[in-house]
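Read the figures in this text as sums done on the coordinates, not as results from a lab. Predicted, not measured: the structure shown is a model, and the values here were computed from it. Cβ sites come from the backbone with ideal geometry, for glycine too, and all protein chains shown count toward neighbours.
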Amino acid sequence: MNTGENSPTTTWQSPLDAIVLSGTDSNPKRMIQGRNKAFLVVGGEVLVRRVVTALLDASSIGLVFVVGPSEPLRDALKGLSDKVIIVDQVGKMLANTWAAIHASEARCQCGENGVDPERPLLFISCDLPLITATAVDDFVARCAQEESAVPTRFSMFGGVAEEACLSRYYPEPGKLGIKRPYVHFSRQLLRLANIYVARPRKLSHQEFLQTGFSYRKAKDWRNVMSLVRSYLGRSGGWKAAWLTLRLQATLLASRRGGGFYRWLRKGNTMERVELAMGAVLGGTVKMIITPYGGLSLDVDDEEDFQVLSLRFDDWYSMQQDTD
């Protein structure tokens, strides 16, 4: 599949600073083989170095801020461009993210008091072995194109991938693969990709991003209910809680199909989800569909690590074909 002919050309005037979230060494539940997954080797290269290299090669990206344990990061990223700035970890995901945001703002010194709330940044995880510079540039261009069509500026763009571009990574006869659950929208099946463009200072309830990250495993009902409870008491939270339960019910109903499933799915529109998430986060949210399925294949656990390591050569070549 070659998506080059369909890639958007609209871009923002200046390259975006990128923030790479490289985890911490303090949470054993986030470790794989006893290691921070940023430093796992897939395809002969440390994961965080592979991600940073792709960002450096992307024309839409300026400086690259990598936040995590600083000493291992310096070793992993040694010899790369001086456009790479390492930011030492300060706590959990949200605190680390803001440490990198502040570092980017300090370099930029733009806007009032050195801060421009309208300045977009790219956020990405450290564990995407199939990432390419073309995929990054394509996503940024799609965000810019979406915004150019409306009179307002969005607070956050979230990447999502369709089943059509993820089915290539499913298990095959005699070959391992990765198949994860989807959110069943009215028109397509989607999964989150691990890439975002955001104006973080335009999200008035950004602390919820940490909550959402903690309970992101929607296949676990305990996490789903914890997420629903966290919505309640927030402005617009009851709508988000109801929609979360509805999406989970649709996933369960999909196993049997039938009229109830079709009725549930018909009401699961992207617009509803965008409005609900915007209300919870305190900003405007837009989902952007990327044709690059590799942006959705992170090293989530030990099994993913093994499969991605074994299939890397085949799958990375496939990703290059997409480019």
Set of aspartates and glutamates near LYS78 by C-alpha distance (under 19 Å), chain-local residues within fewer than 8 positions excluded: GLU45, ASP57, ASP88, ASP127
Under Karplus coefficients 6.51, -1.76 and 1.60, residue-wise ³J(HN,Hα) of region 296-308 in Hz, glycine/proline x: 9, 9, 8, 8, 7, 7, 4, 5, 4, 4, 5, 5, 5
Full-extension gain in nm, SER148 to ALA106, via 0.36 nm per residue minus C-alpha separation: 12.4 nm
Those aspartates and glutamates that a straight Cα-Cα span of less than 12 Å connects to LYS202, excepting residues fewer than 8 apart in one chain: ASP116, GLU118
P(r) tail fraction, region 33-161 - alpha-carbon pairs more than 25 Å apart, %: 28
Kirkwood Rh in Å, taken over region 76-115 so that all alpha-carbon pairs contribute: 11.5
Taking MET31, MET287 and counting other C-beta atoms within 10 Å, the order from fewest to most: MET31, MET287
Those trypsin sites (Lys or Arg not before Pro) in region 131-191 that DSSP places in a loop and that have at most 13 other beta carbons within 10 Å: ARG153, LYS179, ARG187
